[in-house]
Amino acid sequence: MRHAAFIVLATMLALATDARVEASYCGGASYKCCSSAACAPCGDYCAAKSCCGTCYKTVRETVYEQRTINCCRTVYDQCCEQVPVTCTRNVTETCYRDECYTVCKPCYQTCYRDVCCTIRKPCIQTCYRDVCCTIRKPCFQTCYRDVCCTIRKPVVNTCYRQVCCNMCRPICETKYRQVCCTTYRTETQTCYRDVCYTVCKPVCETKQVPYCTGDWVTETKQVPGPVVQKCICNPGTWEWDACRCRCCYKPGCCTTCCEQTCRTVTCKHWVPRTEMRTITCTRMEQEVRHCQQPYTVCRKVPECCVKQVPYQCVRYEHYTVTKQVPYTTCSWTCENIVKRVPYQTCSWTCETITKRVPYTTCSWTCENITKRVPYTTCTMTQEVRTRKVPYTTCRQVCETRMVTKTHCVPRQVVETKVICVPRTVCRQVPIQTACSPAPCQGGAVSVPGSCGQ
């Protein structure tokens, strides 16, 4: 637009320059090329100067026009997604190792020796004797006697009487009235928007990591054990027993002595070492993808409709009903009856019987017996046992868990704006020239600028 205005202005300036050249040199480049007749004055310059006329001037103006443009604006939407995160967790495990230890176990043994002794045994005998006694026995007998009595019996009669009662019955009528109501109809429109989402891809890598391990080394050593007390029995002797007329064995006395024991202890200790192990790790790489996500826009459209609404009208109608109402009458009648009433009689009878009554007699007899008397001996024996000793090991376990992360997804929204654009407009403005007050004196041609210029 500016270039076009410049071209128009340049053209107008060129035309104005050509007009001045033609006016100054009469169409020639200079006065030398003009003939004498052409350069002769054609009239009075002062008379021509005094004429009034209208000339035009080019004026440029800046005009603002309103234009509607479409521009894009970036809008950020917050999206939440589940991102896998790999973390390391320490897992503690309890293991058990076998440990041997020695214990002293007492071993008890039961021995027997013969002992002679005299015992007295009771000899119990049961005898019987006859005893006569007299006993009385009851003898029961049931007899009957007649008893006269009067009883009353009820006689029940059912009678009826007529009863008049007034009743109401409802009569329902259904009527309709017109009701104007507004219902809303849902219109659904499906739109699409561009949604960016991130996808995690697993990438496997192999690397060398140090791993702490070791071995259990078993050592066996002799350690002094507890001090054990031992019981030593001296040899016994045979002695003559005058009461029994035979030789009896008399055991020797027992002495106690202390003895130091020795036990073997097996222990294990851990010798650590470090090994380089190859492990495979998986890391997640994120990749941004685009998809067209549909979303539904719903709007409610109101609609007017007329419904026939039913309503119930209830009126009551009276009528008379006659009912048969029953009622009961009761009368008593007397009646004589005879009953047989039982009664019991008792008589006693005497009887002589003979009983055998037992009695016990006791006599003592002497008897020589030989008893085996037990006695206990104790010896200590060593026994090796094994027990489970717990120890704790720790190892690291890799696990993947999902973490919710929020990020902003940009999207472009098209908006319409109205802007003002400047534009230059050229137009012709008329200018009124002023007339001179009086012509120049002398009748000669005046030089421009000498009279009222």
Check: What is the set of long-range amide H partners of Gln382 at a cut-off below 5 Å, with H atoms built 1.01 Å from backbone N?
Finding: Lys105
Next item on the list: Excluding Val199 itself, calculate the net charge of residues whose Cβ lies under 15 Å from the Cβ of Val199, where each Lys or Arg counts +1 and each Asp or Glu counts -1.
Entry: +1
Check: What net charge do the residues around Tyr391 carry, taking every other residue with its C-beta under 11 Å from that of Tyr391, with Lys and Arg at +1 and Asp and Glu at -1?
Finding: +1
Checklist line | Estimated distance in nm for a label pair at Lys153 and Glu239, the labels positioned 7 Å out from Cα along Cα-to-Cβ | finding: 11.1 nm
Check: Could you give me the ³J(HN,Hα) list for region 149-165, computed from phi with Karplus coefficients 6.51, -1.76, 1.60 and θ = phi - 60°, whole Hz, x at Gly and Pro?
Finding: 8, 10, 10, 10, 10, x, 10, 9, 10, 9, 10, 10, 9, 8, 10, 9, 9
Next item on the list: For region 281-351 and region 246-264, compute the distance between their C-alpha centroids and round to whole Å.
Entry: 95 Å
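I need the Kirkwood Rh of region 163-317: take the reciprocal of the average 1/r across all distinct C-alpha pairs and report it in angstrom.
Taking every pair of different Cα atoms in region 163-317, averaging 1/r and inverting gives 31.6 Å.
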Check: Per the Kirkwood definition applied to all pairs of different Cα atoms, how many angstroms is the hydrodynamic radius of region 232-302?
Finding: 25.3 Å
Next item on the list: Give me the distance in nm between label points sitting 7 Å out from Cα along the Cα-to-Cβ direction at Arg145 and Arg289, one decimal.
Entry: 11.8 nm
Notebook entry, point to check: Counting only residues 5 or more places away or on other chains, whose amide H sits under 5 Å from the amide H of Thr58 once H atoms are built in the peptide plane?
Noted result: Val429
Next item on the list: Starting with the highest mean, order 145-157, 80-92 by the number of other Cβ atoms within 10 Å, averaged over the residues of each peptide.
Entry: 80-92, 145-157
Check: So who's got an amide H within less than 5 Å of the one on Gly225, skipping anything under 5 residues away but keeping other chains? H placed 1.01 Å off N, in plane.
Finding: Thr261, Cys262, Arg263
Next item on the list: Go through Pro224, Gln293, Cys200 and say which Cα lies farthest out towards the positive end of the charge dipole of region 198-332; charges sit on Cβ, +1 for Lys and Arg, -1 for Asp and Glu.
Entry: Gln293
Margin query: Given points 7 Å out from each Cα along the Cα-Cβ axis, report the Arg113 to Lys230 separation in nanometres with one decimal.
Written below: 2.2 nm
Next item on the list: Rounded to whole Hz and in sequence order, give me ³J(HN,Hα) for region 326-341 from the Karplus expression 6.51 cos²θ - 1.76 cosθ + 1.60, θ = phi - 60°, writing x for Gly and Pro.
Entry: x, 9, 10, 10, 10, 9, 10, 10, 9, 8, 9, 10, 10, 10, 9, 9
Checklist line | Net charge of neighbours whose Cβ lies under 14 Å from the Cβ of Lys355, counting Lys and Arg as +1 and Asp and Glu as -1 | finding: 0
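Here, each number is a calculation from the coordinates, and none is a lab measurement. Since the structure is predicted, the reported quantities are computational estimates derived from the model, not experimental observations. With ideal geometry, Cβ positions are generated from the backbone for all residues, glycine too; neighbour counts draw on all protein chains shown.
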